[in-house]
Amino acid sequence: FFFNDTATTEIYTEQIVGSVRCVQETDVCSEPSQQHNLYLMCHGESYYNKVQNEIKNFKASSFEGIDIKFDDKLFDSELSEDGRIQALSAKDKVADKQVSYVFVSPLRRALQTAEIVFGSHKSRPRIIVLPQLRETLSSSSDLNSRIYEAFRDFEYMDFTFVKECGNVLHTYLQELGDKDLVHQIATSVENKYGRNIGDQKVFALEINQVMKEQFPKQLEKSSDVRKRVADTPVSYTHL
(Lines give C-alpha, C1' and ligand atoms only; values in the text may rest on other atoms or scores of the structure.)
Protein backbone atom coordinates (compact mmCIF):
# COMPACT_ATOMS: atom_id res chain seq x y z
CA PHE A 1 0.00 0.00 0.00
CA PHE A 2 1.19 3.43 -0.95
CA PHE A 3 -0.20 6.40 1.00
CA ASN A 4 0.60 9.77 -0.46
CA ASP A 5 -0.74 13.22 -1.16
CA THR A 6 -2.77 13.74 -4.31
CA ALA A 7 -0.43 16.00 -6.29
CA THR A 8 2.47 13.52 -6.18
CA THR A 9 0.50 10.44 -7.22
CA GLU A 10 1.07 10.49 -10.98
CA ILE A 11 4.69 11.62 -10.67
CA TYR A 12 5.66 9.00 -8.13
CA THR A 13 3.68 5.96 -9.29
CA GLU A 14 6.20 4.86 -11.91
CA GLN A 15 9.08 4.94 -9.43
CA ILE A 16 7.20 3.14 -6.69
CA VAL A 17 6.24 0.35 -9.11
CA GLY A 18 9.93 0.03 -9.92
CA SER A 19 10.61 0.01 -6.18
CA VAL A 20 8.34 -2.96 -5.65
CA ARG A 21 10.15 -4.84 -8.41
CA CYS A 22 13.44 -3.98 -6.75
CA VAL A 23 12.24 -5.39 -3.43
CA GLN A 24 11.03 -8.53 -5.18
CA GLU A 25 14.42 -9.10 -6.77
CA THR A 26 16.34 -8.95 -3.48
CA ASP A 27 16.62 -11.41 -0.62
CA VAL A 28 13.99 -9.36 1.19
CA CYS A 29 11.34 -11.19 -0.80
CA SER A 30 11.27 -14.86 0.13
CA GLU A 31 9.49 -15.70 -3.13
CA PRO A 32 11.00 -13.50 -5.89
CA SER A 33 8.76 -14.96 -8.57
CA GLN A 34 5.58 -14.27 -6.61
CA GLN A 35 3.18 -11.69 -8.03
CA HIS A 36 2.63 -8.65 -5.81
CA ASN A 37 -0.10 -6.06 -5.98
CA LEU A 38 0.40 -2.34 -5.49
CA TYR A 39 -2.47 -0.25 -4.11
CA LEU A 40 -2.63 3.54 -4.08
CA MET A 41 -4.64 5.28 -1.38
CA CYS A 42 -5.01 8.97 -0.56
CA HIS A 43 -5.44 10.28 2.98
CA GLY A 44 -8.86 11.07 4.45
CA GLU A 45 -10.30 14.57 4.63
CA SER A 46 -8.10 16.93 6.68
CA TYR A 47 -9.26 19.99 8.63
CA TYR A 48 -7.75 22.09 5.86
CA ASN A 49 -9.90 20.23 3.32
CA LYS A 50 -12.91 20.62 5.61
CA VAL A 51 -12.49 24.41 5.85
CA GLN A 52 -12.16 24.59 2.06
CA ASN A 53 -15.25 22.46 1.54
CA GLU A 54 -17.32 24.67 3.84
CA ILE A 55 -16.69 27.71 1.65
CA LYS A 56 -19.09 27.81 -1.27
CA ASN A 57 -17.36 27.75 -4.65
CA PHE A 58 -13.91 27.80 -3.03
CA LYS A 59 -11.08 27.82 -5.57
CA ALA A 60 -7.51 27.13 -4.47
CA SER A 61 -6.21 29.48 -7.16
CA SER A 62 -8.45 32.37 -6.09
CA PHE A 63 -7.37 35.28 -3.88
CA GLU A 64 -10.70 35.00 -2.04
CA GLY A 65 -9.42 32.02 -0.06
CA ILE A 66 -5.87 33.23 0.49
CA ASP A 67 -6.26 33.68 4.26
CA ILE A 68 -7.36 30.07 4.61
CA LYS A 69 -4.80 28.73 2.19
CA PHE A 70 -1.95 30.22 4.23
CA ASP A 71 -3.45 30.04 7.73
CA ASP A 72 -0.60 29.00 10.05
CA LYS A 73 -3.17 27.36 12.37
CA LEU A 74 -3.58 24.74 9.62
CA PHE A 75 0.09 23.73 9.41
CA ASP A 76 0.38 19.98 8.80
CA SER A 77 -3.38 19.63 9.20
CA GLU A 78 -4.86 16.60 10.97
CA LEU A 79 -7.75 14.46 9.82
CA SER A 80 -11.23 15.88 10.34
CA GLU A 81 -13.96 13.71 11.87
CA ASP A 82 -15.20 12.89 8.37
CA GLY A 83 -11.62 12.03 7.41
CA ARG A 84 -11.43 9.54 10.27
CA ILE A 85 -14.72 7.99 9.17
CA GLN A 86 -13.35 7.69 5.63
CA ALA A 87 -10.23 5.97 6.98
CA LEU A 88 -12.33 3.53 9.03
CA SER A 89 -14.30 2.69 5.88
CA ALA A 90 -11.03 2.02 4.04
CA LYS A 91 -9.88 -0.16 6.96
CA ASP A 92 -12.88 -2.43 6.49
CA LYS A 93 -12.25 -2.69 2.76
CA VAL A 94 -8.65 -3.86 3.12
CA ALA A 95 -9.10 -6.02 6.23
CA ASP A 96 -8.75 -9.30 4.31
CA LYS A 97 -5.83 -8.29 2.10
CA GLN A 98 -2.33 -9.60 2.69
CA VAL A 99 -0.08 -6.56 3.11
CA SER A 100 3.70 -6.56 3.59
CA TYR A 101 4.67 -2.90 3.25
CA VAL A 102 2.88 0.40 3.61
CA PHE A 103 4.70 3.50 2.28
CA VAL A 104 3.34 6.76 3.63
CA SER A 105 3.84 10.52 3.37
CA PRO A 106 5.30 12.21 6.50
CA LEU A 107 2.37 14.65 6.63
CA ARG A 108 0.13 14.06 9.64
CA ARG A 109 -3.08 13.51 7.67
CA ALA A 110 -1.44 10.63 5.80
CA LEU A 111 0.18 9.16 8.94
CA GLN A 112 -3.17 9.22 10.76
CA THR A 113 -4.90 7.55 7.83
CA ALA A 114 -2.25 4.83 7.68
CA GLU A 115 -2.52 4.30 11.44
CA ILE A 116 -6.30 3.88 11.33
CA VAL A 117 -6.23 1.59 8.30
CA PHE A 118 -3.20 -0.55 9.16
CA GLY A 119 -2.38 0.03 12.84
CA SER A 120 -4.16 -3.19 13.85
CA HIS A 121 -4.18 -4.99 10.49
CA LYS A 122 -3.87 -8.77 10.70
CA SER A 123 -0.82 -8.77 8.38
CA ARG A 124 1.11 -6.44 10.70
CA PRO A 125 2.69 -4.67 7.70
CA ARG A 126 5.82 -2.59 8.05
CA ILE A 127 4.87 1.09 7.73
CA ILE A 128 7.67 3.10 6.14
CA VAL A 129 7.53 6.90 6.04
CA LEU A 130 9.02 8.38 2.86
CA PRO A 131 9.71 12.14 2.67
CA GLN A 132 9.42 11.97 -1.12
CA LEU A 133 5.69 11.35 -0.77
CA ARG A 134 4.94 14.73 0.74
CA GLU A 135 2.54 17.12 -0.97
CA THR A 136 3.76 19.80 -3.36
CA LEU A 137 4.33 23.03 -1.40
CA SER A 138 1.29 25.16 -2.14
CA SER A 139 -0.44 25.86 1.19
CA SER A 140 0.14 25.94 4.95
CA SER A 141 -1.20 22.40 5.33
CA ASP A 142 1.70 21.11 3.20
CA LEU A 143 4.34 22.27 5.70
CA ASN A 144 5.70 19.49 7.89
CA SER A 145 6.04 21.62 11.03
CA ARG A 146 5.27 18.78 13.49
CA ILE A 147 7.59 16.05 12.31
CA TYR A 148 9.34 15.62 15.68
CA GLU A 149 5.95 15.11 17.31
CA ALA A 150 5.23 12.47 14.66
CA PHE A 151 8.33 10.49 15.70
CA ARG A 152 6.73 10.18 19.14
CA ASP A 153 3.07 9.83 18.14
CA PHE A 154 3.74 7.14 15.51
CA GLU A 155 6.80 5.56 17.08
CA TYR A 156 6.08 2.10 15.64
CA MET A 157 6.41 3.47 12.09
CA ASP A 158 9.79 3.49 10.35
CA PHE A 159 11.03 7.10 10.04
CA THR A 160 14.56 6.16 8.95
CA PHE A 161 14.39 7.99 5.63
CA VAL A 162 12.88 11.10 7.23
CA LYS A 163 15.53 11.23 9.95
CA GLU A 164 18.25 11.05 7.30
CA CYS A 165 16.98 14.42 6.02
CA GLY A 166 17.94 16.24 9.24
CA ASN A 167 15.84 19.41 9.35
CA VAL A 168 12.99 18.35 7.06
CA LEU A 169 11.78 21.81 6.05
CA HIS A 170 15.34 22.91 5.33
CA THR A 171 15.55 19.90 3.02
CA TYR A 172 12.33 21.04 1.35
CA LEU A 173 14.02 24.35 0.56
CA GLN A 174 17.02 22.65 -1.01
CA GLU A 175 14.67 20.77 -3.33
CA LEU A 176 13.18 23.92 -4.86
CA GLY A 177 14.33 24.89 -8.34
CA ASP A 178 14.40 28.67 -7.73
CA LYS A 179 17.74 28.92 -5.91
CA ASP A 180 17.55 32.70 -5.58
CA LEU A 181 14.31 32.31 -3.66
CA VAL A 182 15.82 29.51 -1.56
CA HIS A 183 18.70 31.82 -0.65
CA GLN A 184 16.23 34.59 0.22
CA ILE A 185 14.27 32.35 2.60
CA ALA A 186 17.37 30.84 4.21
CA THR A 187 18.94 34.27 4.72
CA SER A 188 15.74 35.65 6.24
CA VAL A 189 15.53 32.73 8.69
CA GLU A 190 19.21 33.11 9.61
CA ASN A 191 18.89 36.86 10.16
CA LYS A 192 15.86 36.41 12.41
CA TYR A 193 16.82 33.32 14.35
CA GLY A 194 20.52 32.56 13.80
CA ARG A 195 22.24 29.75 11.93
CA ASN A 196 21.42 26.63 13.91
CA ILE A 197 17.67 26.33 13.57
CA GLY A 198 16.19 23.08 14.83
CA ASP A 199 12.62 24.33 15.19
CA GLN A 200 10.52 23.21 12.23
CA LYS A 201 7.90 25.87 13.01
CA VAL A 202 10.43 28.64 12.28
CA PHE A 203 11.01 27.38 8.74
CA ALA A 204 7.30 26.69 8.31
CA LEU A 205 6.36 30.28 9.16
CA GLU A 206 8.99 31.68 6.80
CA ILE A 207 8.12 29.39 3.89
CA ASN A 208 4.41 30.00 4.44
CA GLN A 209 4.92 33.77 4.27
CA VAL A 210 6.89 33.47 1.02
CA MET A 211 4.22 31.20 -0.48
CA LYS A 212 1.60 33.82 0.37
CA GLU A 213 3.67 36.62 -1.16
CA GLN A 214 4.29 34.55 -4.30
CA PHE A 215 0.63 33.58 -4.76
CA PRO A 216 -0.88 32.79 -7.26
CA LYS A 217 2.54 31.68 -8.49
CA GLN A 218 3.27 28.33 -6.85
CA LEU A 219 6.46 28.04 -4.82
CA GLU A 220 7.15 24.46 -5.89
CA LYS A 221 6.58 23.62 -9.55
CA SER A 222 5.77 20.20 -10.98
CA SER A 223 9.26 20.16 -12.51
CA ASP A 224 10.70 20.56 -8.99
CA VAL A 225 8.64 17.59 -7.81
CA ARG A 226 9.80 15.42 -10.71
CA LYS A 227 13.42 16.31 -10.00
CA ARG A 228 12.92 15.70 -6.29
CA VAL A 229 11.60 12.22 -6.96
CA ALA A 230 14.31 11.41 -9.51
CA ASP A 231 17.11 12.67 -7.25
CA THR A 232 16.01 10.91 -4.07
CA PRO A 233 15.70 7.19 -4.79
CA VAL A 234 14.84 4.93 -1.90
CA SER A 235 17.71 2.91 -0.44
CA TYR A 236 16.48 -0.66 -0.05
CA THR A 237 19.09 -1.59 2.52
CA HIS A 238 16.53 -0.42 5.10
CA LEU A 239 13.79 -2.74 3.88
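Here the gap between residue 155 and residue 98, fully extended at 0.36 nm per residue and compared with their Cα-Cα distance, gives a gain of 18.2 nm. By definition, a body whose alpha carbon gyration tensor gives a ≥ b ≥ c is prolate when a/c is 1.5 or more and a/b is larger than b/c, and segment 90-188 fits this prolate description.
Positive contributions from Lys and Arg (+1) and negative ones from Asp and Glu (-1), summed over other residues with Cβ under 12 Å from the Cβ of residue 155, come out at -3.
Among the listed pairs 50/97; 91/201; 93/122, those with a Cα-Cα distance over 21 Å are 50/97; 91/201. Straight Cα distances below 17 angstrom link residue 179 to the lysines 217, 221, 227, with same-chain residues fewer than 8 positions distant left out.
Order 161, 63 by their accessible area, 1.4 angstrom probe, all chains in place, largest first. Write out the running numbers ahead of the final one.
On the way: 161 15, 63 125 Å².
Most to least solvent-accessible, the answer reads 63, 161.
Label sites at residue 192 and residue 85, each approximated as a point 7 angstrom past Cα along Cα to Cβ, lie 3.8 nm apart.
The values are calculated or read from the model by the stated rules, or taken from the named source; none is laboratory data. Just so it is clear, the structure is predicted and the values come from calculations on it, not from any experiment. Cβ: placed from backbone, ideal geometry, glycine included. Neighbour counts: every protein chain shown. Ligands, DNA and RNA are stripped out before the accessible areas are found, and what is left, the full protein with its side chains, is counted by its heavy atoms. Shrake-Rupley method; radii C 1.70, N 1.55, O 1.52, S 1.80 Å.
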